[in-house]
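Written out below as structure tokens is the structure these notes cover.
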Amino acid sequence: MANRPGALLRGPLSRRLSPPAQAPEGGRMNRFARAYLGTWKAILASRPAVSLLLLAVIVYAFYYPAAYRSQVATHLPVAIVDQDQSAVSRALVERLSSANRVRIVLRTTDFGEARHALESRRVDAIIVVPERLERGLLTGAPAAGLAIYVNGAYLVRASTVGATVQSVLTGAVAETLAPLARAAGIRALSPIQTDTRPLFNTAQGYGSYVVPGVAVLIIQQTLLMGVVLLSAGRRGKIAPSRIDFLGAAAAFCTIGVAGCLFYFGFVFWFQDYPRGGNLVGMLLATALYVPAVVFFALLLGSAFDRPERSAQVLAASSVPFFFLSGLAWPFSAMPVPLALAAHFIPSTSGIQVFIKLNQMGASLAEVWPDLAGLSVLTCGYGLLAWIRWKPQKDLARLEPAPSRSPGEPTP
């Protein structure tokens with residue numbers, strides 16, 4: 001049975017998952033090609049597989065970034081509680097009114113009124129200008145600082161309001177105190193002027209930050225669920241040869257490589273995300289990342305008894321995999337066992353290496369630890385997957401010998 005030609009995945013869907021049996025096997029390349037084409041026939045004959053492996057990759061390329069097309073939050077409603085009623089507070093309010101990231105919808109001296117507006121979600125933040133703020137700035141006397149109250153459920157909005165107020169307050173204070181400083185013979189209120197320029201995420205947009213990392217995860221999850229869907233419940237019913245195994249894996253790898261090139265090339269260009277930092281490095285990382293995902297999926301597929309159960313388990317894995325990638329939750333902040341376990345997931349090293357190569361233009365020398373990690377995962381999961389799927393002696397012994405016509409030579 002170990003020498004029988006066919007694709008890797010057979011069983012109840014054998015007519016979909018393997019090419020027709022042929023009498024002469026030919027060379028290894030012919031067997032590899034038959035397994036490769038047989039797997040493609042299996043994919044195209046299964047609507048769920050086509051949806052996961054092909055259509056989902058295209059749909060997510062436009063559906064997921066649509067929520068971040070604006071890149072930055074703008075015109076966020078805020079409330080101003082002006083308890084100082086001074087030139088500084090008026091300059092602050094005027095500058096906030098002209099800022100495009102916030103929009104003043106309530107101006108009052110009553111903090112309770114502003115708090116009610118925040119709790120009812122009519123505003124996203126409250127900016128409190130305390131009493132004697134201008135006096136403290138002019139005389140150096142102790143005074144309460146500016147207070148900002150935000151809705152912590154929306155971190156992006158909260159950070160946007162905070163950054164805007166900081167910038168506006170600096171300008172308002174400088175505008176108010178500049179005449180007094182010149183009268184006192186002081187040329188500049190601050191001896192050092194800072195000029196902040198983002199190096200990689202030049203738009204400072206949330207989409208440019210999150211979508212390039214999520215794209216790598218989309219490649220993994222569509223491959224993972226599609227391969228497991230086709231392979232679940234087949235182990236023990238088949239005994240593929242090594243060539244059959246590699247041919248099926250190569251078919252899945254073709255889909256993964258095409259998905260990477262589609263996202264890192266066309267999608268990033270179409271959505272205008274940072275891209276093209278290190279093309280050669282990206283191709284090398286793709287050649288390591290995709291096989292690691294495919295072998296990981298084949299290994300997981302051998303553990304499920306039916307496709308439906310695999311979908312139930314893997315459907316909720318995307319969010320944990322993203323947070324374990326180190327993109328939103330740094331490894332240094334994770335518990336050590338969790339950070340170590342995260343590196344057994346291909347997307348962890350994949351997201352790290354592709355962000356550095358595509359968005360930051362890192363050299364191969366700077367990402368070699370991540371590339372080495374992907375190499376180890378490819379070899380390790382490939383070996384484990386082959387051990388799970390390779391011909392078993394007891395299975396071959398129990399398999400009835402095929403009937404032969406009299407005089408037919410034994411193969």
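Would you point out which residue out of 320, 291 is farther than 22 Å from residue 262 by Cβ and in a helix (DSSP H, G or I)? Before you say what the answer is, go through the steps one by one.
On the way: 291 fails: farther than 22 Å from residue 262 by Cβ.
Exactly one of 320, 291 is farther than 22 Å from residue 262 by Cβ and in a helix (DSSP H, G or I), namely 320.
Please verify whether segment 272-279 includes one or more residues that are assigned to a helix (DSSP H, G or I) and at negative phi. Scanning segment 272-279 turns up at least one residue that is assigned to a helix (DSSP H, G or I) and at negative phi. The one condition from (1) surrounded by fewer than 18 Cβ atoms within 10 Å (Cβ to Cβ); (2) among the aliphatic types (A, V, I, L, M); (3) in contact (Cβ under 8 Å) with a residue 12 or more places away in the chain; (4) under 30 Å from residue 228 (Cα atoms) that residue 59 does not meet is (3).
Say whether the condition of being in the same structural domain as residue 218 (by TED's automatic domain parsing), within 24 Å of residue 246 (Cβ to Cβ) and of a type in the set (A, V, I, L, M, F, W, C) is met by at least one residue in segment 324-340. Even if it seems obvious, please write down each step before you answer.
Start the filter on segment 324-340 by keeping residues that are in the same structural domain as residue 218 (by TED's automatic domain parsing), which leaves 324-340.
Those left that are additionally within 24 Å of residue 246 (Cβ to Cβ): none.
There is no residue in segment 324-340 that is in the same structural domain as residue 218 (by TED's automatic domain parsing), within 24 Å of residue 246 (Cβ to Cβ) and of a type in the set (A, V, I, L, M, F, W, C).
Suppose the filter is among the basic types (Lys, Arg), surrounded by 15 or more Cβ atoms within 10 Å (Cβ to Cβ), at pLDDT 75 or above and touching a Leu at 6+ places or on another chain (Cβ under 6 Å); does residue 115 pass it? So residue 115 fails the test.
The values are calculated or read from the model by the stated rules, or taken from the named source; none is laboratory data. Keep in mind the model is a prediction, meaning the values are calculated, not measured. Don't worry about glycine lacking a Cβ; one is built from the backbone with ideal geometry, like all the others, and counts go over all protein chains shown.
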